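Everything on this sheet refers to the single structure shown next.
The values are calculated or read from the model by the stated rules, or taken from the named source; none is laboratory data. Because the structure is predicted, anything quoted here is derived from the model rather than measured. Note that each Cβ is placed from the backbone with ideal geometry, even for glycine, and that neighbours are counted across all protein chains shown.
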Amino acid sequence: MDFDLEAFSPALFYLAGVFIACFSSFLLLGKRKKVMADYLLAVWFLVIGIHLIFFLFLFSSGYVRFPHFLGLEIPLPLIHGPMLYLYIICLTNQYSHKKIWLLHLVPPLIIYVILLDFFLLSPQEKIYVYEHNGSTYKMQRDSINILIVLSGILYVTLSILAIRKYKRLIAELYSNTEKINLDWGYYLITSIALIWIAVILKYDILIFSLVVLFILLTAYFGINRVGILNVTLIKADGIEGEPEAENNPVTAKYQKTFVNKDTIQNIYKQLIYQMEYEKIYKDPELNLHHVAELLEVHPNILSQTINSLENKNFYDYINRHRIEEFKRIAVLPENQKFTLFSLALESGFNSKTSFNRNFKRYMHCSPREFLKNKNLNAE
């Protein structure tokens with residue numbers, strides 16, 4: 001019996017991908033507090049696992065023994081783009097009507113209908129078509145490949161736009177966004193974009209090798225990181241979403257409420273007092289809703305006040321005050337014994353990354369460079 005080590009190693013790699021995809025799906029379904037994103041990711045993992053199994057049939061020439069399965073894998077790439085996009089909008093709670101989701105499955109269903117003639121062929125005829133590069137179905141297959149590439153570009157773009165919209169929204173609501181910024185979503189989008197590039201290059205082994213790596217990445221973030229997004233819901237007029245979305249991070253849609261200038265000025269004066277004398281920005285968990293309750297105004301009106309008079313969103317406004325507080329306390333002689341990070345925490349920041357990023361953004365230099373210019377030691 002001949003042993004093809006060259007073919008055996010990739011086959012094991014893909015089998016491992018199938019196992020990880022299915023196992024990750026079961027882990028997600030076994031979580032106690034599941035949200036819609038968990039269910040979507042679990043289904044997506046199963047689809048990826050099935051897709052890898054089909055590829056194994058082709059890679060190992062198993063289709064000769066199971067020709068009835070030939071062609072079933074062709075429309076599957078059209079499912080991955082929609083699943084990525086739906087997963088992202090579920091994480092960010094930007095969906096409204098779930099029934100519309102079914103529209104994303106129309107293209108693969110249409111492809112199955114178009115391929116109906118192929119599915120009705122005899123097993124021998126199907127094998128012949130595959131062994132002769134599509135045979136009479138080559139033009140049809142080329143058209144489907146173009147559609148797959150366009151689908152990939154479309155859904156990667158939509159996913160990026162969804163994350164950007166989410167980041168703008170949380171900046172209107174929260175003063176610290178490190179744990180809810182969904183930056184890791186870009187890793188998923190980049191990974192699947194690389195897969196689409198491999199699809200364009202028509203390098204099957206590279207495609208499915210990247211798919212296995214994508215499964216590992218998605219399983220890690222999907223299982224371990226999604227829970228971080230279950231932050232306190234901020235309710236406001238114009239909320240989009242459904243009741244179960246209360247476990248998701250973004251539920252408030254900012255709508256401008258037109259109020260007169262005197263009212264805005266009065267709110268602004270109260271806000272300045274709270275910032276300068278009560279120093280409410282020192283609370284690392286401070287958010288728009290808490291400040292609005294403190295001032296006894298609607299969150300939308302408070303947001304409009306900050307936007308119009310400061311030309312900043314809530315996140316930038318609060319963190320600007322934190323930077324100024326750090327600059328004030330960092331130069332005090334009695335604080336020279338403290339580290340920069342401890343002073344940053346005292347100023348209201350909750351992470352070193354957030355502190356350094358915001359400081360460089362406003363001061364155009366690092367905290368160490370700032371203190372060095374002040375002839376102070378920086379630890």
Seminar exercise, completed: When region 155-208 is checked residue by residue, the ones that are aromatic (Phe, Trp, Tyr), under 25 Å from Asn358 (Cα atoms) and free of Cβ contacts under 8 Å to residues at least 60 places away in the same chain are Trp184, Tyr186, Tyr187
Problem set entry | Residue in region 193-242 that is modelled with the highest pLDDT, counting only those that are aromatic (Phe, Trp, Tyr) and part of a helix (DSSP H, G or I) | Phe214
Seminar exercise, completed: Note on region 56-78: residues buried (at least 21 other Cβ atoms within 10 Å of the Cβ) and closer than 15 Å to Val211 by Cα are Pro77, Leu78
Exercise. Within the bounds of region 53-66, is there any residue that is of a type in the set (D, E, K, R), over 23 Å from the mean Cα position of the chain (by Cα) and modelled with pLDDT under 90?
Worked result: yes
Exercise. Can you tell me how many residues in region 131-184 are closer than 25 Å to Pro284 by Cβ and in contact with a Phe, Trp or Tyr (Cβ under 8 Å, 6 or more places away or on another chain)?
Worked result: 13
Exercise. Within region 282-300, is even one residue out of contact with any strand residue (DSSP E or B) (no Cβ under 6 Å at 6 or more places or on another chain), without any contact (Cβ under 8 Å) to a residue 12 or more places away in the chain, surrounded by 14 or more Cβ atoms within 10 Å (Cβ to Cβ) and within 30 Å of Lys261 (Cβ to Cβ)?
Worked result: yes
Problem set entry | Answer from Tyr95, Tyr112 - the residue that is in a helix (DSSP H, G or I) and assigned by TED's automatic domain parsing to the domain that holds Tyr186 | Tyr112
